[in-house]
Amino acid sequence: MLRHFPHVNTPYTHKKRDYFIAAFTFFCVAVCLLSDANGSLAKQYFLGACGWIFLVCLLYGENKEVRTQVIIAILFATVGEHFASPFMGGYTYRFHNVPFYVPPGHGMVYLTAVALARSGLFLRHARAIAAFVVIVCGLWSIWGISGLAAQGDSVGALLYCVFLGYLFKGRSPMVYLAAFFITTWLELIGTAVGTWKWAMIDPVLNLPQGNPPSGVAAWYCLVDAVAIGGAPVLLTLFQQLKDRVELAKIRKEAYQGVENE
């Protein structure tokens with residue numbers, strides 16, 4: 001179950017950049033959601049513009065693969081947001097829209113998960129962090145279906161099981177662990193201040209769900225998995241396209257050279 005976890009007793013190095021990305025994103029998420037709680041649409045556009053600027057700056061020091069992963073994460077998550085919120089009504093934003101800051105926000109959240117996953121802190125203490133996440137999220141899920149919670153959360157318990165599958169069967173468990181922290185942070189703040197609200201009954205499963213569901217990190221793990229798996233495919237396609245263009249250019253130059261002779 002732990003075959004994809006980092007090796008123990010290995011001197012993994014700490015890089016300040018990873019911790020800066022994480023701290024900056026955690027801070028920006030809190031400021032953005034608190035600002036939007038009673039803000040206007042114009043403020044959402046302003047927050048979105050800031051989000052795109054911050055994301056571009058953070059990506060400046062990343063390699064091509066990570067940048068591609070972020071692009072895929074943004075595209076996939078944005079489509080999912082429009083499907084799950086305005087179309088299905090699984091959760092609803094204040095203006096019944098998908099705020100302009102959400103797409104770059106997903107990019108920053110994904111990049112934060114990657115940064116924490118490769119950080120010395122997470123690599124050195126992977127098993128302890130995993131145990132903490134499993135216990136905390138498990139207790140949260142049990143509380144949601146115990147009858148003690150104000151809003152039942154059967155969906156959260158199901159998502160928790162899915163999250164465990166990602167964590168112990170997936171090939172990028174550190175990314176999923178890191179995703180739990182940043183996504184739980186943003187979900188608790190966003191729902192607490194009323195930036196969005198989850199429906200009491202899930203429109204697909206017709207089961208009660210919390211606000212937010214306890215296993216909500218599973219949805220973000222899906223975004224991460226698609227980004228990680230899709231990046232190599234997309235990069236390969238781009239390289240093949242580049243090679244074809246260069247080959248066509250060489251053939252054209254060769255053909256023109258023959259005509260000139």
Worksheet entry | helices (runs of 4 or more DSSP H) fully within the range 81-169 counting 1 or more residues that are within 21 Å of Tyr45 (Cα to Cα) and touching a Cys at 6+ places or on another chain (Cβ under 8 Å) | 102-118
Response to the item:
Exception for Ile145 within (1) within 18 Å of the chain's Cα centre (by Cα); (2) open to solvent by 80 Å² or more (accessible area, probe 1.4 Å); (3) of a type in the set (Val, Ile, Thr) falls at (1)
Worksheet item: Which one is nearest to Ile201 (Cα to Cα) among residues in the range 77-98 that are of a type in the set (Phe, Trp, Tyr) and buried (at least 19 other Cβ atoms within 10 Å of the Cβ)?
Response: Tyr91
Worksheet item: Quick one: Leu188 ticks every box in (1) open to solvent by 70 Å² or more (accessible area, probe 1.4 Å); (2) outside any helix (DSSP H, G or I); (3) of a type in the set (A, V, I, L, M) bar one, so which box is it?
Response: (2)
Worksheet item: Do the conditions hold for Asp224, that is, is it part of a helix (DSSP H, G or I) and modelled with pLDDT of 95 or more?
Response: yes
Worksheet item: Can you name the residue in the range 31-54 that is touching a residue at least 40 places away in the same chain (Cβ under 8 Å) and open to solvent by less than 30 Å² (accessible area, probe 1.4 Å) and is also farthest from His96 (Cα to Cα) among such residues?
Response: Gly51
Fill in: Set Tyr160, Tyr110: member being among the hydroxyl-bearing types (Ser, Thr, Tyr), open to solvent by 30 Å² or more (accessible area, probe 1.4 Å) and within 22 Å of Ile228 (Cβ to Cβ)
Tyr160
Response to the item:
The condition from (1) buried (at least 21 other Cβ atoms within 10 Å of the Cβ); (2) closer than 15 Å to Gln209 by Cβ; (3) within 20 Å of the chain's Cα centre (by Cα) that Asp153 misses is numbered (3)
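For Phe24, are the conditions met, namely being more than 14 Å from Pro103 (Cβ to Cβ), open to solvent by 90 Å² or more (accessible area, probe 1.4 Å) and modelled with pLDDT of 95 or more?
Here the answer is no, as Phe24 does not meet what is asked.
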Practice prompt. Could you tell me which residue of the range 55-68 is nearest to Arg17 (Cα to Cα), considering only residues that are assigned to a helix (DSSP H, G or I) and in contact (Cβ under 8 Å) with a residue 12 or more places away in the chain?
Written response: Leu58
Practice prompt. Please specify each residue of the range 46-66 satisfying the condition of being within 15 Å of Thr195 (Cβ to Cβ) and not hydrophobic (A, V, I, L, M, F, W, C).
Written response: Gly48, Gly51
Practice prompt. Report the residue count in the range 191-201 for those that are out of contact with any Lys or Arg (no Cβ under 9 Å at 6 or more places or on another chain), touching a residue at least 24 places away in the same chain (Cβ under 8 Å) and open to solvent by 40 Å² or more (accessible area, probe 1.4 Å).
Written response: 2
Worksheet item: Just to be sure, is Tyr101 within 22 Å of Glu187 (Cα to Cα), surrounded by fewer than 19 Cβ atoms within 10 Å (Cβ to Cβ) and modelled with pLDDT of 95 or more?
Response: no
Worksheet item: Any idea which of Val204, Val223, Val245, Val175 is exposed (fewer than 13 other Cβ atoms within 10 Å of the Cβ) and in contact (Cβ under 8 Å) with a residue 12 or more places away in the chain?
Response: Val204
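The values are calculated or read from the model by the stated rules, or taken from the named source; none is laboratory data. Every value quoted in this text rests on a predicted model; they were computed, and no experiment measured them. A quick note on method: Cβ atoms are made from the backbone with ideal geometry, for glycine too, and the neighbour counts reach across all protein chains shown. In case anyone asks, the SASA skips ligands and DNA or RNA and just uses the protein heavy atoms, side chains included. Shrake-Rupley method; radii C 1.70, N 1.55, O 1.52, S 1.80 Å.
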